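One structure is given below, encoded as structure tokens.
Since every read-out is calculated from the coordinates, none of them should be taken as a lab result. Predicted, not measured: the structure shown is a model, and the values here were computed from it. A quick note on method: Cβ atoms are made from the backbone with ideal geometry, for glycine too, and the neighbour counts reach across all protein chains shown.
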Amino acid sequence: MTAEDRFAGKTIIVTGAGSGIGRATAVRLAEEGARLIVSDVVADRLDDLKTSLPGADVRTVVGDVTDSRTVDAIADACEGRLDGLANIAGIMDGFLPVGELDDETWDRVIRVNVTAPMRLTRAALPLLIESGSGSIVNVASEAALRGSAAGAAYTASKHAVIGLTKNTAFMYGPQGVRATPWRPVRSPRTSKQRSSANSPPAGSSL
Ligand SMILES: NC(=O)c1ccc[n+]([C@@H]2O[C@H](COP(=O)([O-])OP(=O)(O)OC[C@H]3O[C@@H](n4cnc5c(N)ncnc54)[C@H](O)[C@@H]3O)[C@@H](O)[C@H]2O)c1
């Protein structure tokens with residue numbers, strides 16, 4: 001098997017595929033033969049991704065991943081076959097300590113970074129179990145390991161991602177499903193991205 005066909009015949013969901021790590025993941029999977037279901041809240045970004053992958057089998061689902069209709073649309077796009085789920089969409093929190101944290105930022109960060117991956121995992125599990133070797137990758141962060149990498153909301157959310165991932169691995173490993181947290185190293189970002197980070201959907205992340 002070559003790198004070109006490592007994912008041949010596999011169907012993989014990638015959230016946050018319009019930018020950054022999600023886009024890079026989607027491109028690599030397509031190059032290695034995967035059938036992709038890519039999702040993002042920004043339609044233009046998905047259109048651009050699809051255009052950049054002529055010949056690849058790419059389905060796009062535009063929507064906010066915190067909206068259950070988006071989760072349903074992603075699940076429907078699988079058409080009964082799923083081998084992998086990459087929960088990559090995520091937002092930052094403006095590095096706010098808890099004393100300065102407003103409820104809206106907390107709720108939004110938790111919904112995007114934790115609740116949405118949980119719902120997508122729940123929706124994907126039946127097909128992942130059926131595939132016999134399903135895989136879930138949840139993007140964590142340095143902030144999942146220590147308290148000094150981001151604000152309170154993002155730090156709490158990424159710690160929660162680790163807990164969700166560990167529990168999923170424990171509960172569904174016996175049925176052939178792997179769940180893995182992934183901690184990217186920090187990618188270069190501009191100071192503008194950092195300062196606007198808590199205004200989704202364009203928010204950058206740690
Ligand atoms: N970039 C880093 O250095 C870094 C480091 C550690 C962890 N991470 C994590 O990696 C993931 C991706 O980070 P990135 O830097 O590539 O981010 P990014 O901002 O470049 O891309 C995130 C994508 O997710 C989409 N998105 C955001 N909220 C959404 C929502 N509610 N519904 C649907 N789509 C939504 C955005 O439109 C965007 O296209 C995040 O979970 C982040 O926390 C990033």
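Could you work out the mean projected area of the convex hull around the alpha carbons of segment 103-182, in square nanometres to one decimal?
Values: hull surface 19.7 nm².
Spelled out: convex hull of the Cα atoms, projected over all directions, averaged, 4.9 nm².
Order 21-30, 34-43, 161-170 from most to least packed using the mean count of other Cβ atoms within 10 Å.
Numbers: 21-30: 21.2, 34-43: 23.4, 161-170: 16.6.
Result, highest mean Cβ count within 10 Å first: 34-43, 21-30, 161-170.
Does anyone have the angle between helix 68-77 and the longest principal axis of the chain? Alpha-carbon axes, 0 to 90°, nearest 10?
Rounded to the nearest ten degrees, it is 20.
Rounded to the nearest 10 degrees, what's the angle between the helix 152-172 long axis and the longest principal axis of the chain, both from Cα atoms, 0 to 90?
Helix 152-172 sits at roughly 30 degrees to that axis.
Cross-link partners among aspartates and glutamates for Lys158, C-alpha distance below 15 Å, same-chain residues fewer than 8 apart left out?
Partners found: Asp93, Asp107, Glu142.
Along its three principal axes, how long is segment 14-71 when you only count alpha carbons? Whole Å, largest extent first please.
Taking max minus min along each principal axis of the Cα atoms, segment 14-71 gives 30, 18, 18 Å.
If we count every other residue with Cβ under 10 angstrom of Ile13's Cβ, Lys/Arg +1 and Asp/Glu -1, where does the sum land? Show your work: numbers first, answer last.
Working: positive: Arg59; negative: Asp83.
In short, 0.
Relative contact order (percent) for the chain, with alpha-carbon contacts under 8 angstrom and 6 or more residues of separation? Show your work: numbers first, answer last.
Numbers: 405 pairs, mean separation 39.5, N = 206.
Answer for the chain is 19 percent.
Rounded to the nearest 0.05, what FRET efficiency do Asp5 and Ser148 give with R0 = 35 Å and r taken as the Cβ-Cβ distance? Could you check?
Taking R0 as 35 Å, the efficiency between Asp5 and Ser148 is 0.25.
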